[in-house]
Amino acid sequence: MDSNKMTDFFTSLTNAIDKTDSGTFWPGGGGQIGSSFLKVDARDLHNQLQALKKNKTASEATTYFYNPSTIRYVAVGNFIIGLKMLIRDNIITLDSAKESLDFFFDILDQKVSTDPFCLNNKNIWFNKNQINQVLNEVNFKKVDLVEQTVVSRLVIALNSLVWSFYYDIYVESGFEFHGPYSVEYENNEYKLIIRDYHDLRPAALWEKANNFGYKSIKLYLLYSDVNIGIDYFMHEFSDKPLRTNLAFCAVETVDTAGNTKFFPINEVTPIAESAEEIAFEQVNYVNQLETIEKINMGARICYYQLKSFRDALGINWEPPQEVFDLIKQKGLERWEKFKSRAEKISAGVAKIDWGSKYDLAKPI
Amino acid sequence: MKLIPYNFMKSLVTGLVASKGIAKGNCVIVNSVTDFSKVKKGDILVVKNTDPSYVILFSRVAGIITEVGGMCSHAAIVSREMGLPCIVGTGNAREILKDGLKVVLDAEQGIVYGLE
């Protein structure tokens with residue numbers, strides 16, 4: 001990664017981290033869950049990328065990752081910090097680590113249409129042709145005040161369902177929130193946001209996921225008169241309430257049999273109710289797990305992030321036994337240690353953790 | 001929008017504005033799921049922070065006050081989507097505000113005023 005791109009990466013990361021408070025992550029933060037096994041996770045991905053690089057270009061490898069945020073989350077989640085630990089321990093060389101990371105970010109570059117790191121508060125996944133296709137093919141419906149509330153409830157219900165299945169820190173496994181795309185529709189200017197809930201039934205992780213009646217749901221939303229931002233971690237922010245500025249909407253569902261349907265807005269409330277009920281039950285189920293079980297499931301969710309990539313390579317996506325052994329040895333200690341550190345991360349700390357000039361290098 | 005002149009009301013709690021707006025209602029302190037049944041329509045939800053299980057409360061409340069969290073916390077994202085006034089990072093709202101206390105949540109300025 002050249003120095004300009006490195007600067008972009010840090011600027012974007014700092015902007016995103018500045019708005020978060022890691023103490024509020026449910027059911028635990030990245031350090032609490034990932035710190036005992038991140039070196040193994042990074043080693044596995046490093047080896048897999050090195051092998052892939054021999055046979056595929058970054059452009060060809062984009063098909064192995066459904067959404068761009070998977071690459072962003074994995075890079076900052078365990079990969080970069082794990083690579084630095086592997087270099088420190090002389091398991092890999094600095095050059096090979098750079099190669100893997102560059103290749104990983106090249107795939108991200110190919111996956112998106114413009115800036116890969118969501119600078120300028122945009123997550124631009126689709127190109128102009130894809131957006132035109134959305135505008136031409138999606139059956140948008142103008143929404144009234146009641147429908148604005150219905151859609152808003154559906155958004156929060158589906159977000160909550162995804163949060164409950166993937167924990168706060170791995171949400172991109174079930175959800176990509178992209179845009180805002182500036183578009184013209186029926187002779188007016190709008191901001192198009194696409195909420196792509198692409199994996200709402202992760203039954204490989206949770207049996208309860210089978211209770212939800214839809215594999216995936218896409219919400220196409222046209223907003224007027226509101227500034228919407230999306231950062232590196234798909235955090236959304238706006239200067240005005242989103243609900244009251246929603247002008248047009250379309251809800252596209254894929255049911256368990258794989259049938260795609262545009263759902264009438266006035267019929268989506270039962271979907272929201274089902275998502276709310278399952279999310280509520282799922283959060284309470286996770287909350288009553290022993291801490292070690294929460295971490296073990298966190299490791300499985302973490303590895304699930306790259307399921308499509310590992311499926312394509314013919315590799316079992318589940319974490320190796322080594323991961324669970326490490327959690328057994330160090331998981332609880334790390335959970336408590338990072339819990340006490342669960343405070344706002346400064347930009348300086350972010351640079352030490354993810355920067356190339358610094359070496360975190362001290363095991364805790 | 002100002003409901004009544006603020007200089008006649010007592011400022012109780014301050015925090016970061018996560019979603020703009022002004023709401024008036026009774027405080028309800030929620031510490032865990034066992035408190036969910038206390039929440040009535042139009043209440044001002046006062047919590048340490050929210051998690052996805054709170055999804056069933058959001059359509060009932062008029063506003064949200066959290067003790068911790070930033071602009072991209074769960075409560076902040078939910079409130080901006082739903083247009084609920086919300087302030088986050090108040091630090092000690094659950095100590096100062098009590099169940100049933102009537103307040104104005106001024107999420108234009110990040111201040112909670114007491115009405116009693």
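Each reported figure results from applying straightforward, stated rules to the coordinates on display, with no laboratory input. Worth saying up front: this structure is predicted, and the values here are computed from it rather than measured. All Cβ positions, glycine included, derive from the backbone under ideal geometry; neighbour counts span all protein chains shown.
Okay, here's what the table says:
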item	result
Hz values of 3J(HN,Hα) by residue in segment A:202-207 - Karplus curve (6.51, -1.76, 1.60), Gly and Pro given as x	x, 5, 5, 9, 9, 4
Averaged over B:32-40, number of beta-carbon atoms from partner chains that fall within 10 Å	1
Additional length obtainable on full extension of the chain from B:Arg60 to B:Lys41, 0.36 nm per residue less Cα span	6.4 nm
10 Å Cβ neighbours from other chains, averaged over peptide A:228-240	3
Ascending count of other beta-carbon atoms within 10 Å, so fewest first, for A:Arg310, B:Arg60	B:Arg60, A:Arg310
Non-local Lys pairs in segment A:1-135, i.e. 8 or more apart or on different chains, that have alpha carbons under 18 Å apart	14
5 angstrom amide H check on B:Thr50, placed H, neighbours 5+ away	B:Ala75
Ranked by how many other beta carbons lie within 10 Å on average, peptides A:87-100, B:12-25 from highest	B:12-25, A:87-100
Crossing angle, helix A:94-111 versus chain A [Cα axis fit, 0-90 degrees, rounded to tens]	10
Which of B:Thr34, A:Thr62 has the fewest Cβ neighbours within 10 Å, and the rest in rising order	B:Thr34, A:Thr62
Alpha-carbon centroid distance for the pair segment B:11-64 / segment A:304-342, whole angstrom	34
With Cα atoms, 0 to 90° folded angle of helix A:269-287 axis to chain A main axis	20
Residues whose placed amide H lies under 5 Å from that of A:Phe65, excluding near-sequence neighbours	none
Neighbour-count ranking [beta-carbon atoms within 10 angstrom, fewest first] of A:Glu207, A:Glu236, B:Glu95	A:Glu207, B:Glu95, A:Glu236
For A:Phe248, distant residues with modelled amide H under 5 Å away	A:Val143, A:Leu222
Computed E for A:Asp95/A:Trp317 - FRET, C-beta separation, R0 35 angstrom, nearest 0.05	0.80
Cross-link partners of B:Lys38 among aspartates and glutamates (Cα-Cα below 18 Å; sequence separation of 8 or more within a chain)	B:Asp51, B:Glu95, B:Asp99
Within a Gaussian network of chain A (alpha carbon springs, distance under 10 Å), most fluctuating of A:Asp196, A:Asp109, A:Asp21	A:Asp21
Value of relative contact order over chain A, rounded to a whole percent, pairs C-alpha under 8 Å and six or more apart	25
Ranked by how many other beta carbons lie within 10 Å on average, peptides A:313-325, B:46-58 from highest	B:46-58, A:313-325
Label zone at A:Phe10 (point 7 Å along Cα-to-Cβ), backbone N below 11 Å, segment A:28-65	none
Helix-derived mean residue ellipticity, 222 nm - over the protein assembly as shown, DSSP H n ≥ 4, -39500 (n - 2.57), to 500	-11500 deg cm²/dmol
Whole-Å distance, taken between Cα centres, linking segment A:165-195 and segment A:237-298	15
Environment charge of A:Val286, counting only residues whose C-beta is closer than 14 Å and scoring Lys/Arg +1, Asp/Glu -1	-3
Bridge type composition, segment B:33-114 - antiparallel percent by DSSP, nearest 5	40
